[in-house]
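Engineer: One structure coming up, written as structure tokens, with questions to follow.
Throughout, read-outs are computed from the coordinates displayed, never taken from laboratory work. Keep in mind it's a predicted model, so treat the numbers as computed, not measured. All Cβ positions, even for glycine, are placed from backbone atoms using ideal geometry, and neighbour counts span all protein chains on display.
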Amino acid sequence: MPEPWTLDHKVTWFVQIRTRPGPVEDNGDRWAENEHTGLMLAVCNCGLNTGWIGRDQMPTHETLADGEQHAALTAQGWGRALRDPVNREAVAVALRTEARVNPEWIRDIIRREQRLNGGEPYRV
Ligand SMILES: [Zn+2]
């Protein structure tokens, strides 16, 4: 029986750059000007995707080198994206749609969180 396939961890970083046409020079040449926006992202073969985040938010190389942490980092990235005001309307639309299509799924998630946190149950 063959061994099972696994997703190896292989991280790649991207630095976001923006470009604009530069001034026209005396000889008529016009070069592009580039600058870093301060955002970067890391993706991994396993599916980790930090999304565009500030350099100061980027996990360290040591953290990213530990593939065992990639699932948790992916969850943090989703949480960050869900809370980002830029995505607010899209998240609201998705949650409303899921609430209509599969409300029990959302109720189950909320109930589990309440149990895990020992919080007061409330009706959902
Ligand atoms: Zn990975």
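Engineer: Whole number please: convex hull volume per residue of the Cα set in region 59-107, in Å³? Kindly include the intermediate steps, with their values, before the conclusion.
Structural biologist: On the way: hull volume 4.3 nm³, N = 49.
Hull volume normalised by residue count: 88 Å³.
Engineer: If you don't mind, there's one more thing I want to ask. Mind checking region 1-31 for trypsin sites (Lys or Arg not before Pro) that DSSP puts in a loop (not H, G, I, E or B) and that have at most 11 other Cβ atoms within 10 Å? Could the numbers behind the result be given before it?
Structural biologist: On the way: sites: Lys10, Arg18, Arg30; in loops: Lys10.
Hits after loop and neighbour filter: Lys10.
Engineer: Taking one equal scatterer on every alpha-carbon of the chain, how large is log10 of I(q)/I(0) by Debye at q = 0.09, 0.13, 0.18, 0.19 1/Å?
Structural biologist: -0.48, -0.82, -1.09, -1.12
Engineer: Scan the chain and hand back the longest stretch that contains none of the chymotrypsin sites (Phe, Trp or Tyr not before Pro) lying in DSSP loops with at most 15 other Cβ atoms within 10 Å.
Structural biologist: It runs 53-121.
Engineer: Grab the beta carbon distance between Arg115 and Lys10, set R0 = 41 Å, and tell me the FRET efficiency rounded to 0.05.
Structural biologist: For Arg115 and Lys10, the calculated efficiency is 0.65.
Engineer: Another question about this same structure. Between region 89-106 and region 50-80, how many Å separate their Cα centres?
Structural biologist: With region 89-106 and region 50-80 each reduced to a Cα centre, they are spaced 26 Å.
Engineer: Which Cα, out of Gly51, Gln114, Val11, lies furthest along the positive dipole direction of region 11-117 (beta carbon charges, K/R +1, D/E -1)?
Structural biologist: Farthest along the dipole direction, towards plus: Gln114.
Engineer: Further question: Hey, what did region 11-117 get for relative contact order, percent, Cα under 8 Å, at least 6 apart?
Structural biologist: Relative contact order here is 17 percent.
Engineer: Then there's this: May I ask you to list the GluC sites (Glu not before Pro) in region 1-104 that are in a DSSP loop and have at most 13 other Cβ atoms within 10 Å of their Cβ?
Structural biologist: Details: sites: Glu25, Glu33, Glu35, Glu62, Glu68, Glu89, Glu98, Glu104; in loops: Glu25.
Here the sparse-neighbourhood loop sites are Glu25.
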